[in-house]
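Notes to accompany the following structure.
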Amino acid sequence: MLYCSDKQVDRAQKMLDSGESKKNRKNLNDPARFIGKTAVTEEGEAAAIQHHQDEKKISDEAGYDGLYAVCTDLLDDEVSDTLKVSEGRWRIEECFLICFLALTLYRFLEKQGFIPLYRRELITDDLHDYHTSYQR
């Protein structure tokens, strides 16, 4: 089974092979996190900086391959309740995506001169009033 970290280890090796290992590792998923450096000899004397694959870091992260971590500050809740909320997160994301796409489409149509037609009802009047007050 190939995990994401396998590809990142390969990318880290390519960085080493090309001699272009980064100094600033700002992203937690940066493949450069698998590159270690040694600046002393085995006797403790100063030496030129040598970059190498950090096998310990690779091994530590391999222990989490195939797992999905859930972080929470709800320490008093039951684990099963936290997992139930996490498992339902896709519904929230799906609703957000649908709303975002609908708004994007509406704004696009509005720019093209689209004027919505609807039967006047109390709710549509309220929505219209809200929409016009929001635009001001």
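The values are calculated or read from the model by the stated rules, or taken from the named source; none is laboratory data. The structure displayed is predicted, hence computed values, not measured ones. Glycine gets a Cβ as well: all are built from the backbone with ideal geometry, and neighbour counts include every protein chain shown. Surface accessibility is based on the protein's heavy atoms, side chains included, excluding ligands, DNA and RNA. Shrake-Rupley method; radii C 1.70, N 1.55, O 1.52, S 1.80 Å.
What to note about this one:
- With respect to the conditions (1) farther than 30 Å from Asn29 by Cα; (2) open to solvent by 100 Å² or more (accessible area, probe 1.4 Å), Leu67 falls short on a single one, namely (1).
- Filtered residues of segment 34-44 (kept if modelled with pLDDT of 75 or more, open to solvent by 40 Å² or more (accessible area, probe 1.4 Å) and either farther than 28 Å from Ala62 by Cα or within 28 Å of the chain's Cα centre (by Cα) (or both)): Lys37, Glu43
- Breaking point among (1) farther than 30 Å from Arg11 by Cβ; (2) under 24 Å from the mean Cα position of the chain (by Cα), for Glu61: (1)
- Yes/no for Arg107 being surrounded by 10 or more Cβ atoms within 10 Å (Cβ to Cβ) and over 26 Å from Asp30 (Cα atoms): yes
- Qualifying residue in segment 45-56 (condition: within 30 Å of His131 (Cα to Cα) and either open to solvent by 70 Å² or more (accessible area, probe 1.4 Å) or in a helix (DSSP H, G or I) (or both)): no
- Pairs meeting the criteria (first residue in segment 46-64 and free of Cβ contacts under 8 Å to residues at least 12 places away in the same chain, second residue of a type in the set (A, V, I, L, M) and open to solvent by 70 Å² or more (accessible area, probe 1.4 Å), beta carbons under 9 Å, at least 6 apart or on different chains) are Ala46/Val40; Ala47/Val40.
- Candidates are the residues of segment 75-96 that are hydrophobic (A, V, I, L, M, F, W, C) and open to solvent by less than 90 Å² (accessible area, probe 1.4 Å); the one that is farthest from Phe34 (Cα to Cα) is Cys95.
- Pairs where the first residue, in segment 82-93, is more than 14 Å from Ala69 (Cα to Cα) and the second is assigned to a helix (DSSP H, G or I) and open to solvent by less than 100 Å² (accessible area, probe 1.4 Å), C-beta under 8 Å, 6+ apart: none
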